[in-house]
Amino acid sequence: MGKVMEQLGIADAMAKKVILKPALDGGVQLVAAGQAEIGIYPASEVAGVKGLTLVGPLPAEISLEIVYGAAATTDSAAPNAASAFVKFMAAPENRAVWKEGGFEPPTNLNSN
């Protein structure tokens, strides 16, 4: 959040008005309870929280993208199960579940 405010050129003006508290460390509850007027968090951390309305992503130029990766290692104790799990998570039919959880579904899949 601090980085975003700096990019917008409003860090000094907002310094005394902002509570920097991670969503999962109570920040989302401050917003839901009306103790904070606005919260800027990853959608996956606030999806489904009662009392909140998601209004959309930040503009691309200031958005912080979080990328999650998955892989089955070659020395896994259960390589077939690990590969099956990764394929299941990336399957097109599971895209809606990703969206529901506030995540962007996998798009750049490498099956090597």
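We did not get these values from a lab; they are worked out from the coordinates using the rules stated. Nothing here was measured: the structure is a model prediction, and the numbers come from that model. Backbone-built Cβ (ideal geometry, glycine too); neighbour counts: all protein chains shown.
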If the reach is capped at under 20 angstrom between alpha carbons, list the aspartates and glutamates near LYS99, excluding any in the same chain fewer than eight residues apart.
GLU45, GLU65
Rounded to the nearest 500, what is the 222 nm mean residue ellipticity of the chain from helices alone, with -39500 (n - 2.57) per DSSP H run of 4+ residues and division by all residues?
-8500 deg cm²/dmol
Dipole magnitude of the chain, debye to nearest 20 (Cβ charges: Lys/Arg +1, Asp/Glu -1, about Cα centre)
200 debye
Under 17 Å from the Cα of LYS16 - aspartates and glutamates, other chains or at least 8 residues apart
GLU6, GLU37
Which lysines have a Cα less than 21 Å from the Cα of LYS21, not counting those fewer than 8 places away in the same chain?
LYS3, LYS50
